[in-house]
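Structure first, then comments.
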C-alpha cells in the first residue's frame, strides 16, 4: 500500500494536497530544448508524456496528476515554455510497469530530468556514464521522506548503481544512516555546520579536473525505488514551507509542478508568490526567492572568513568570487568553479557586501566554459 | 539566522564592515578628544572633511557610493599622526592617500594598500620631520577591545596578526623582547597590517605577509628609538601591502602546480 493513498496516515503528515493547478516548466530542464507533445484540452493521467527534448526525444516530462491540459505555452521555434494541467482529484501513486533497465525506466517515467550533472548542472545525456552518483538527502523533507520509505530508497539506490561504474553516495547530515551501505552504495554522514552538495562533491569526487558526476534528489531515488520495488509510479514529493522568519511552518506532500499559492499563504509570507513546485525542490524559503534583476554597480568584496566558509574547503573562495565578478572564466575554472552550480552560491550572495548575485555570475561563467569545451 | 552572537557577528561582518571598524576606533578616539579637546577638534574637522570631500567628488563623478569607508583611515591618521603636524598637512596627506590608494581603483575596498598606512607614509615623505607616532599608553589600551572585536568578526585576519607577532619575535630574539610593547604591536598589526583590503586573501599568503611585516618592523626600526618605531611600522605595512597581490598570486600558482601534478 502506498503512503500516498488518500486515507492513509503516513508518518510525515497528511496525504498529497489537491493543487488548484499544475504547471510543468520547461525551465526545469537545463540544457535541453523541450517541445510539447500534447495538445490543449487533452486528458492526461500520471505518466502521460507532455514534453520531450527536441534532440533526444527519449528525455521526456510526464504529467504528474490526472486531469485536463488547460494551456500549452510555447516560445520561439515551438520551444515549450510550460504545460498547465487542471487536476481532477488528488495526486496519488498509480500502478505502473517498470520494465527494462534503470535508464529506460527513468526515461519512460520522466524521472531522468531530475538528474543533474556536475559540472554545469545540466540534465545528463542518457548515453553518458558518470564516475559517481551523489544522492542528496541533506534537506529535512528529503530525510523525512527517506525515513518513511527506507525499502524504496534501498531499491532506488541499487537501481542507480546500474548507471555508473563508480559509487552511489547517499549524502546526509550526520545521524544514523538512512539505509545501510552495501556494495557500491556508500553513506556519507559527515555533519559540518556549513554544508551542501558542493561540499560533498568537492570532498568525495571533485569534477574540477575532469570527469562527470550526477546528482539526484533522494525523493527522486525513492520514486525510482518505488517503481522498481512496488510497481507504483509516485509523482509527489514532500516539501517544507519556510516562513519569512526562517522557521519551517509546514511539511506538505505535493505533486511535482503543483501550485504552491495556498501553502505559501498559509505560511504567512509577506507578499503572495505565484509559483509551482519545481524539480528537485524540497524547501520553499522566501529568502531564496529570486528578486527583480538588479542593475546596481557591484561593491567591493570584504574578505571575511564567514564568506570563505560558504564555499567548500580547498576552493579558493575570495579569488573565485573576484573572478566571477569580472567574468574571468579561465581563472574561475582554475579556482574550482566546475564543482559548483547556482544554488551553491546562495550563502555567498547573502553574506557578501558587494551585492553580487553570484549564482547568476557563476551561470554566465559556466555557460562560457561549456561553450568553449 | 542561527548560531551564537559571535557567529552572527561574523556573518554580518562583511555587510557591517565600516560600522564595525568605526566602532572599534570609537573608544580611543573618545579618549583622545577627552585628553586634548582643543587640539583634536580642528584636526578632526580637517581630516574628516578632506576624506569625505574626496570620496564625495569621486562618488558624484562615478555615480556610485558609499563614501563612509574613508572615515576609517581618517580616524587612524588622527590617532597615529604626530601632534606637531598641522591640520592642513594631515588633510593633504590623507586626501592623496585616499585618491591614490583607493579612489583611482574604484573606491575603498578595490585598492590593495592600507590607506591609513599610505597616508602616514606620505605625511612622513612630504614633511620629513613629521613621522607617525604611537599614541599614549591609555589610548592604546582603549584601542585593544576594538582590535579584539575586529579579529572576532574576521575583519582583521588572525593569521596576519599572529604571524606578525612571530615575525617580531624571530627578528628581535626572545631575550630582547619588551613585554610593554605587546599592546602597541598588536594595535599596529590589527589596524594596519591586517587591513581587510590590504592583506592577502589566501591562508599561506596571510602567514607570509604577517611574517614579512613583523620582520620588517624590526629591520627598518631606528636603533636609537625606544619602544615601537611607528615609522618603521607603517613602512613595513606598506611594503608588505605592495607584495600582497604577488604573494597571493604565488600561493595560487603553487597550488595550481600541485593540482596539476596530482591530476596530470
Checklist entry - residue B:54 versus (1) under 24 Å from residue B:141 (Cα atoms); (2) modelled with pLDDT of 90 or more: which is the lone unmet condition? => result (1)
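Just name the residue that is farthest from the other protein chains (Cβ to nearest Cβ) out of those in the stretch B:173-190 that are more than 25 Å from residue B:138 (Cα to Cα) and assigned to a helix (DSSP H, G or I). Write out each step before concluding.
We begin by selecting, within the stretch B:173-190, every residue more than 25 Å from residue B:138 (Cα to Cα); these are B:173-175.
Checking the rest, the ones that are also assigned to a helix (DSSP H, G or I) come to B:174-175.
On the way: B:174: 30, B:175: 35 Å.
This residue is B:175.
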Item to check | Selection within the stretch A:290-335 - in contact (Cβ under 8 Å) with a residue 12 or more places away in the chain and out of contact with any helix residue (DSSP H, G or I) (no Cβ under 9 Å at 6 or more places or on another chain) | outcome: A:294, A:296, A:299
Checklist entry - Out of (1) assigned to a helix (DSSP H, G or I); (2) surrounded by fewer than 20 Cβ atoms within 10 Å (Cβ to Cβ); (3) without any contact (Cβ under 8 Å) to a residue 40 or more places away in the chain, what's the single condition that is false for residue A:273? => result (1)
Next on the checklist: Looking for something more than 16 Å from residue B:21 (Cβ to Cβ), touching a helix residue (DSSP H, G or I) at 6+ places or on another chain (Cβ under 8 Å) and part of a loop (DSSP other than H, G, I, E, B) - is there at least one such residue anywhere in the stretch B:63-75?
Outcome noted: yes
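Can you give me the ranges of the strands (runs of 3 or more DSSP E) entirely in the stretch A:213-269 with at least 1 residues that are surrounded by fewer than 22 Cβ atoms within 10 Å (Cβ to Cβ)?
Numbers: elements: A:213-217, A:236-242, A:248-255.
Output list reads A:236-242, A:248-255.
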Checklist outcome for this item: Checked the stretch B:84-108 for anything assigned to a loop (DSSP other than H, G, I, E, B) and either in contact with a helix residue (DSSP H, G or I) (Cβ under 7 Å, 6 or more places away or on another chain) or crowded, with 22+ Cβ neighbours inside 10 Å (or both); matches are B:85, B:102, B:107, B:108
Checklist outcome for this item: Checked the stretch A:341-357 for anything within 13 Å of chain B (Cβ to nearest Cβ) and crowded, with 18+ Cβ neighbours inside 10 Å; matches are A:347, A:348, A:349, A:351, A:352, A:353, A:354, A:356
Next on the checklist: So residue B:209 passes all but one of these: (1) in a helix (DSSP H, G or I); (2) within 20 Å of residue B:122 (Cβ to Cβ); (3) within 14 Å of chain A (Cβ to nearest Cβ). Which condition number does it fail?
Outcome noted: (2)
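Identify the residue in the stretch B:63-78 that is over 19 Å from residue B:27 (Cα atoms) and touching a residue at least 40 places away in the same chain (Cβ under 8 Å) and, among all such residues, is farthest from the other protein chains (Cβ to nearest Cβ).
Within the stretch B:63-78, the first condition is being over 19 Å from residue B:27 (Cα atoms), and the residues that meet it are B:63-67.
Applying the additional criterion that residues be touching a residue at least 40 places away in the same chain (Cβ under 8 Å) yields B:64, B:66.
Working: B:64: 5, B:66: 8 Å.
Taking the candidates together, the pick is B:66.
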Checklist entry - Just to be sure, is residue B:252 assigned to a helix (DSSP H, G or I), in contact (Cβ under 8 Å) with a residue 12 or more places away in the chain and within 14 Å of chain A (Cβ to nearest Cβ)? => result yes
Next on the checklist: Can you tell me how many residues within the stretch A:301-335 are within 11 Å of chain B (Cβ to nearest Cβ), buried (at least 21 other Cβ atoms within 10 Å of the Cβ) and part of a loop (DSSP other than H, G, I, E, B)?
Outcome noted: 7
Checklist entry - Which of the strands (runs of 3 or more DSSP E) contained wholly in the stretch A:68-146 include at least 3 residues that are within 21 Å of residue A:184 (Cα to Cα) and in contact with a strand residue (DSSP E or B) (Cβ under 7 Å, 6 or more places away or on another chain)? => result A:116-118, A:132-137
Next on the checklist: Quick test for you: out of B:131, B:91, B:156, B:124, pick the one residue that is at pLDDT 95 or above and either more than 13 Å from every other protein chain (Cβ to nearest Cβ) or over 30 Å from residue A:352 (Cβ atoms) (or both).
Outcome noted: B:91
Item to check | Boolean, residue B:60 is assigned to a loop (DSSP other than H, G, I, E, B) and either farther than 20 Å from residue B:188 by Cα or modelled with pLDDT of 90 or more (or both) | outcome: no
Item to check | Selected residue [within 14 Å of another protein chain (Cβ to nearest Cβ) and in a helix (DSSP H, G or I)] from A:338, A:298 | outcome: A:338
Checklist outcome for this item: Those residues of the stretch B:9-35 which are more than 10 Å from chain A (Cβ to nearest Cβ), surrounded by 13 or more Cβ atoms within 10 Å (Cβ to Cβ) and without any contact (Cβ under 8 Å) to a residue 12 or more places away in the chain amount to B:33
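The values are calculated or read from the model by the stated rules, or taken from the named source; none is laboratory data. If you're wondering where the values come from, they're calculated on a predicted model, not measured in any experiment. Because the Cβ atoms are built from the backbone with ideal geometry, glycine has one as well, and the counts that use them run over all protein chains shown.
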